[in-house]
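Here's the structure we're looking at; comments come further down.
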């Protein structure tokens, strides 16, 4: 997993697994604290993520809500969309989906 902050979005990159959970928690905590109103997590370059990372994102959403901020997941690819739907997380998160390439 890699990340960068670009245009006020936290952009995650690569395959994200349980091995990345601890560092992702630290990254998200710092990013959430730095944002004023909206926490935007861009998943356009995420290839795969496991259910542990979904749990980390749920915790981050909870933290964001407690800070009276909004939490958004942006540019979710179709493969990840299925992961969110199978886990029922499409009902928990505000998701925006990546547009298919032409």
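Some observations on this one:
- Estimated from helical segments only, the mean residue ellipticity of the chain at 222 nm is -12000 deg cm²/dmol, where each DSSP H run of four or more residues counts as -39500 (n - 2.57).
- 72, 47 arranged by Cβ crowding within 10 Å, fewest neighbours leading: 47, 72
- Counting DSSP beta bridges with both ends in the range 2-97, the antiparallel % (nearest 5): 25 percent
- Compared with the alpha-carbon gap, the fully stretched path from residue 94 to residue 65 is longer by 9.2 nm at 0.36 nm per residue.
- Compactness of the chain - radius of gyration and Dmax, Cα, Å: 12.5, 40
Values in this text are rule-based calculations from the coordinates and carry no lab data. Keep in mind that what you see is a predicted model, and the values were worked out from it rather than measured. Counting neighbours? That spans all protein chains shown, and the Cβs are built from the backbone with ideal geometry, glycine included.
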